[in-house]
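Peer 1: One structure is given below, represented as structure tokens, and several questions about it will come after.
The values are calculated or read from the model by the stated rules, or taken from the named source; none is laboratory data. Keep in mind that what you see is a predicted model, and the values were worked out from it rather than measured. Positions of Cβ are backbone-derived with ideal geometry, glycine not excepted, and every protein chain shown enters the neighbour counts.
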Ligand SMILES: Nc1ncnc2c1ncn2[C@@H]1O[C@H](COP(=O)(O)OP(=O)(O)OP(=O)(O)O)[C@@H](O)[C@H]1O
């Protein structure tokens, strides 16, 4: 009997092919309409009519969203816009009140989080789920088990269990090397810096060789030196042919690495498009202005706000 999850140990094998596919996927975005709910030429994830309320608060109300395969998509929006809740719903960590969504054409309603991961859609968390009292290597092994679910046959047939463990360890070591954490393999994860935990979180997500990687604020709490390295890692996911969807407040990162940006405000998708067009969109600027936030605005947005304020002051001065 073959193992159900055959974890590859050579992640870099298809990089050239991945790069080529990703270039084609990005080029195909040129013809996509720059409007909420726009159809994508090759959508890996499609969501329809997803709603989620907490008491009287409508946290998510997404009419239609498609995520293009093989590109990096950023999901941005002011604090409380519903981004994390939407992530939770898509990945089976929460249940919507209504709506359907599919990954690679497979409907994911009522599919448990670990099965979603096994299907190839894995997410990280804003606050990392790294287990402080386990070593870095143990964290990697646990991630493989949690994400794929325990298999009954693996538990009762020791030979299979051992071969699975050997595969997992080999893959874990490869990934730790790639994320420059191999020197820390035997250290307790609790001793890592905030940035290193983010790297470990990303490495853990890759244990099941996902097609779609969803990152919730990968840059939060990361020092500037490590930011560059994290950016490189996210780009390399795309170069391997993976799809990346990430939530982020760091607009420099959004501008730097996104091929496409989706903007949420008050639970809804209010704008979509390439970074430069989205960030100068008046609806987006208004959404950020209307929200209570501690978010860094884009340079253009800041300029517009300043200009509007100066105009108002000049008008008031003229009326006096
Ligand atoms: N479990 C919950 N119970 C009650 N309200 C919740 C719950 N989870 C989220 N909310 C509310 O839903 C809204 C959307 O929250 P969410 O965390 O999804 O926003 P976000 O866009 O990810 O914000 P941020 O950028 O600050 O992380 C907020 O008003 C939040 O307070």
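Peer 1: Which one of these does residue 47 not meet: (1) under 19 Å from residue 246 (Cβ atoms); (2) within 16 Å of the ligand (Cβ to nearest atom); (3) out of contact with any helix residue (DSSP H, G or I) (no Cβ under 9 Å at 6 or more places or on another chain)?
Peer 2: Of everything listed in (1) under 19 Å from residue 246 (Cβ atoms); (2) within 16 Å of the ligand (Cβ to nearest atom); (3) out of contact with any helix residue (DSSP H, G or I) (no Cβ under 9 Å at 6 or more places or on another chain), residue 47 misses just condition (3).
Peer 1: Consider only pairs whose beta carbons are under 8 Å apart and that are at least six residues apart or on different chains; among these, list those whose first residue lies in region 20-34 and is closer than 23 Å to residue 236 by Cβ and whose second residue is at pLDDT 90 or above and not in a loop (DSSP other than H, G, I, E, B).
Peer 2: Note: pairs meeting the criteria are 22/238; 22/239; 25/68; 28/68; 29/68; 29/260.
Peer 1: What helices (runs of 4 or more DSSP H) lie completely within region 165-275 and have 3 or more residues being away from the ligand (no atom under 16 Å from the Cβ), under 25 Å from residue 113 (Cα atoms) and under 16 Å from the mean Cα position of the chain (by Cα)?
Peer 2: Per the criteria, 194-205, 224-239.
Peer 1: In this structure, is residue 287 at pLDDT 90 or above, more than 16 Å from residue 198 (Cα to Cα) and surrounded by 20 or more Cβ atoms within 10 Å (Cβ to Cβ)?
Peer 2: Judged against the criteria, residue 287 is not a match.
Peer 1: Conditions first: (1) buried (at least 16 other Cβ atoms within 10 Å of the Cβ); (2) more than 9 Å from the ligand (Cβ to nearest atom); (3) more than 14 Å from the chain's Cα centre (by Cα); (4) within 21 Å of residue 112 (Cα to Cα). Residue 60 passes all but one, so which condition is the exception?
Peer 2: Every condition holds for residue 60 apart from (2).
Peer 1: If you take the residues of region 75-116 that are part of a loop (DSSP other than H, G, I, E, B), exposed (fewer than 15 other Cβ atoms within 10 Å of the Cβ) and on the phi < 0 side of the Ramachandran plot, which of them is nearest to the ligand (Cβ to nearest atom)?
Peer 2: It comes out as 79.
Peer 1: Of the numbered conditions (1) at pLDDT below 90; (2) more than 16 Å from the ligand (Cβ to nearest atom); (3) closer than 29 Å to residue 83 by Cα, residue 157 satisfies every one except a single condition; which is it?
Peer 2: With respect to (1) at pLDDT below 90; (2) more than 16 Å from the ligand (Cβ to nearest atom); (3) closer than 29 Å to residue 83 by Cα, residue 157 is out only on (3).
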